[in-house]
């Protein structure tokens, strides 16, 4: 499963990367066939946020925590401090690790609101542990 990774380098500059999270054929529920699924990923909490169009074009900011952001509704363009911009649409999954430095900046694509899900992860969960399948929380 492809996830966009936003991270900060040693100088605090933010960048994009594409990272593949491994999916393995496993039983996920009784009485259903096996399905491709990621390893269980522990989370601290989940928060759904409706973002009005006027707030989307926010100034530069680092992520408040290492977290997944799921774009549930709307379109958004994100800029990182190295100058690259990427467009995201409904269904996009982004893993933010730019918790230090300049961060990233959102740009409105249209006049529609966004619905986002923010899912912070515990210390020790990094893009490397996600990519390498080392993020098991003990949950089924």
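The values are calculated or read from the model by the stated rules, or taken from the named source; none is laboratory data. Fair warning: this is a prediction, and the values are worked out from it, not measured in the lab. Glycine also receives a Cβ, built like all others from the backbone with ideal geometry; neighbour counts cover every protein chain displayed.
General remarks:
Yes/no per residue for (1) over 29 Å from residue 12 (Cβ atoms); (2) modelled with pLDDT of 95 or more:
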position	(1), (2)
37	yes, no
43	no, no
73	yes, yes
77	no, yes
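- Of all the residues in region 84-112, those that are touching a helix residue (DSSP H, G or I) at 6+ places or on another chain (Cβ under 8 Å) and buried (at least 17 other Cβ atoms within 10 Å of the Cβ) number 4.
- Complete set of residues in region 85-116 that are within 17 Å of residue 17 (Cα to Cα), in contact (Cβ under 8 Å) with a residue 60 or more places away in the chain and outside any loop (DSSP other than H, G, I, E, B): 86, 88, 93, 94, 95, 96, 97, 104
- Those strands (runs of 3 or more DSSP E) lying entirely in region 1-83 with at least 2 residues under 12 Å from the mean Cα position of the chain (by Cα) and surrounded by 13 or more Cβ atoms within 10 Å (Cβ to Cβ): 2-8, 14-20, 67-73
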